[in-house]
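Report on the structure given below.
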Amino acid sequence: MDARTLFREGVTAIRDEKDLNRGRDLLVQSLRLDPQNEQGWLWLSRTISDPQKRLQALERALRINPNNTQAIQLVERIQAQMGTAQTTRSAVSTTEMLATSTPAAFQDEDHIEHTPEQTYIEHKAAPLKPRPADQSRIQDLLANAEERLAAQDTEGAIEQWVRVLDLQVDHEEALGKAVRHLSRLKYLDDARELVWRALDANTQHPSIYLTAIDIARVQGDEGISDELRLKLAGLPTADEKVITRLVEYFIKRDRRPDAITVFERSIERFPKNQALLKQYADLLMEQARPNDAVAIYEQVAQLGAGTQAGKEADKKLLALAPGLGDKERGSVILAVREAAGFGVLALLMAWQDAGLNLLALGPARLFGVIMSIVGGYLLITATSSAQQQPLATMLGGVVPPAPPPPKNDFEAATTVQAPPTQLPQITLPLRLLIGAIGGTILIIALYLVFSTSINLTRNPDFADVRIPTIEELLNEAEVSP
């Protein structure tokens, strides 16, 4: 339940059901979530019999709203009963609180544990960045704190750190030390309030968020702890180690959607971290988002296939077999590179046909190799590269329609959809014509590069004719007149 619901149920238990114990428990839970609820403190004071502890609850209400008439009247009444002369509207200073408070303050031993309290600090706004004139003051306060700590005056040191935080609410050194020593003195709620002041001021220090997460976890506020983790992921100052730690936390608890949220809020800050990108893509695949995963795998592969993450990303891409993008579809270089394969194959055939002698290839075979490249290019253009730019535009190509959407959720989750294209494509009749021309040229090229072998199959007697070697031809040239 949220703080408001707990507050309403607590008031109902006190006012209607006359169940002070249950009402107190509900109000304590509500104030843990919302310690700035002045009415919560006011109602909580009605469940406490000890006058000192009632005063402390009312003082908390007056800190939030010094003009709360009901709280003022109750304080005056209690003070009159106690025979004291305390001032009703004065806020207790840090020094006075340090001198008079005890770790057990505002705890009913039978019913209340870890009640939100404010023993050391006043809730007031403080800047994230101190004024230049305050810089030297902060250094003096830090030095004083260390001197008091060395003299075993822990509370005096805490007072100095709190004063630093009044000048800079998220000073990492002062906040870290104050929280650590407050926790040792069992003032966990005071430590929490110091940290939350920094969070409310939108601090950008990841260490403060991590401290807040630890405090919330210790106090059993797992919901707040997880909310802080997701906020931490969005901090521009959170580095790769912090993101890795957050992802591992959610994966360990089998909360992969939250781990993906961490990546979504942070991954743009680490575009070259292959390990994080690969882990992100793997999580997307586990959550049945293959199209999103393919885009991340491609990003990992483009960073380099020499790393373990790059190799695994390449394997994933091969397994998923995604469609080509417009960059690949419109590339002339890719089509020429594939056509060069026809030329390599034709050259090998010509070399074999010439008796494994490159010098004996002759003009016809070399011309056949060139024709094989031309024919291969035309055949590839007609089949797999019909969107080359600017060829497709010159030949009057049109943009093909988008692929149909998945038929059902299962198909959408398990099938990698080819991305839609914006490039024109050569029309089918013209592609058939180009393919026929390319095929014809390849047949002619095959005859030119493999003429001797083809003649052998057509005329077996041609096998008896021995082709002289280069050495024999040279020898004949030397002895000829």
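The values are calculated or read from the model by the stated rules, or taken from the named source; none is laboratory data. Bear in mind that the values here come from a model prediction, so they are computed numbers and not experimental data. Virtual Cβ from ideal backbone geometry, glycine too; neighbours counted across all protein chains shown.
Go through Leu62, Leu42, Leu20 for me and flag whichever is over 30 Å from Glu222 (Cβ atoms) and modelled with pLDDT of 85 or more. Spell out how you get there, then give the answer.
On the way: Leu42 fails: over 30 Å from Glu222 (Cβ atoms); Leu20 fails: over 30 Å from Glu222 (Cβ atoms).
Sole residue among the options that is over 30 Å from Glu222 (Cβ atoms) and modelled with pLDDT of 85 or more: Leu62.
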Legend entry - All positions within the stretch 48-67 that are buried (at least 19 other Cβ atoms within 10 Å of the Cβ) and without any contact (Cβ under 8 Å) to a residue 40 or more places away in the chain: Arg54, Leu55, Leu58, Glu59, Ala61, Leu62
Inset, instruction - Please specify each residue of the stretch 150-180 satisfying the condition of being within 19 Å of Ala212 (Cβ to Cβ), in contact with a Leu (Cβ under 8 Å, 6 or more places away or on another chain) and surrounded by fewer than 20 Cβ atoms within 10 Å (Cβ to Cβ). - result: Glu173
Inset, instruction - Quickly run through the stretch 182-192 and pick out the residues that are part of a loop (DSSP other than H, G, I, E, B) and either under 15 Å from Ala157 (Cα atoms) or touching a His at 6+ places or on another chain (Cβ under 7 Å) (or both). - result: Leu185, Tyr187
Legend entry - The listed residue being modelled with pLDDT of 90 or more, over 23 Å from the mean Cα position of the chain (by Cα) and outside any helix (DSSP H, G or I), out of Val169, Val179, Val195: Val169
Inset, instruction - Output yes when any residue across the stretch 275-283 is surrounded by fewer than 17 Cβ atoms within 10 Å (Cβ to Cβ) and either in contact (Cβ under 8 Å) with a residue 40 or more places away in the chain or of a type in the set (Phe, Trp, Tyr) (or both), and no when none is. - result: no
Legend entry - Any pair with Cβ under 6 angstrom, 6 or more apart, that starts in the stretch 116-141 at a residue that is under 30 Å from Ser45 (Cα atoms) and ends at one that is of a type in the set (Ser, Thr, Tyr) and at pLDDT below 50: Thr119/Ser101
Inset, instruction - Scan the stretch 296-308 residue by residue and report those that are part of a helix (DSSP H, G or I) and of a type outside the set (Gly, Ala, Ser). - result: Ile296, Tyr297, Glu298, Gln299, Val300, Gln302, Gln308
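Would you be able to say whether some residue in the stretch 414-428 is assigned to a helix (DSSP H, G or I), at pLDDT below 85 and over 30 Å from Gly355 (Cβ atoms)?
Yes, some residue in the stretch 414-428 is assigned to a helix (DSSP H, G or I), at pLDDT below 85 and over 30 Å from Gly355 (Cβ atoms).
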Legend entry - The lone exception for Asp326 - which of (1) more than 30 Å from His171 (Cβ to Cβ); (2) free of Cβ contacts under 8 Å to residues at least 60 places away in the same chain it fails: (2)
Legend entry - Residue identified as touching a His at 6+ places or on another chain (Cβ under 6 Å) and either assigned by TED's automatic domain parsing to the domain that holds Phe270 or of a type outside the set (Phe, Trp, Tyr) (or both) among Val218, Val164, Val169: Val164
Inset, instruction - Scan (1) surrounded by fewer than 18 Cβ atoms within 10 Å (Cβ to Cβ); (2) within 49 Å of the chain's Cα centre (by Cα); (3) aromatic (Phe, Trp, Tyr) for the single condition Phe367 breaks and write down its number. - result: (2)
Inset, instruction - For the stretch 40-52, indicate whether the set of residues that are over 26 Å from Arg197 (Cβ atoms) and β-branched (Val, Ile, Thr) is non-empty. - result: yes
Legend entry - Extreme residue, nearest to Glu328 (Cα to Cα), among residues of the stretch 346-398 that are without any contact (Cβ under 8 Å) to a residue 24 or more places away in the chain and either assigned to a helix (DSSP H, G or I) or of a type in the set (Ser, Thr, Tyr) (or both): Met394
Legend entry - Counted residues, the stretch 314-336 - those being exposed (fewer than 13 other Cβ atoms within 10 Å of the Cβ) and among the small types (Gly, Ala, Ser): 2
Inset, instruction - Run Ala339 past the list (1) aliphatic (A, V, I, L, M); (2) more than 21 Å from the chain's Cα centre (by Cα); (3) surrounded by fewer than 18 Cβ atoms within 10 Å (Cβ to Cβ); (4) modelled with pLDDT of 90 or more and report the number of the one that doesn't hold. - result: (3)
Inset, instruction - Being surrounded by 14 or more Cβ atoms within 10 Å (Cβ to Cβ), charged (D, E, K, R) and modelled with pLDDT under 90 narrows it down to one of Arg245, Arg217, Arg229, so name that one. - result: Arg217
Inset, instruction - Assess whether Arg289 counts as being touching a residue at least 40 places away in the same chain (Cβ under 8 Å) and surrounded by 20 or more Cβ atoms within 10 Å (Cβ to Cβ). - result: no
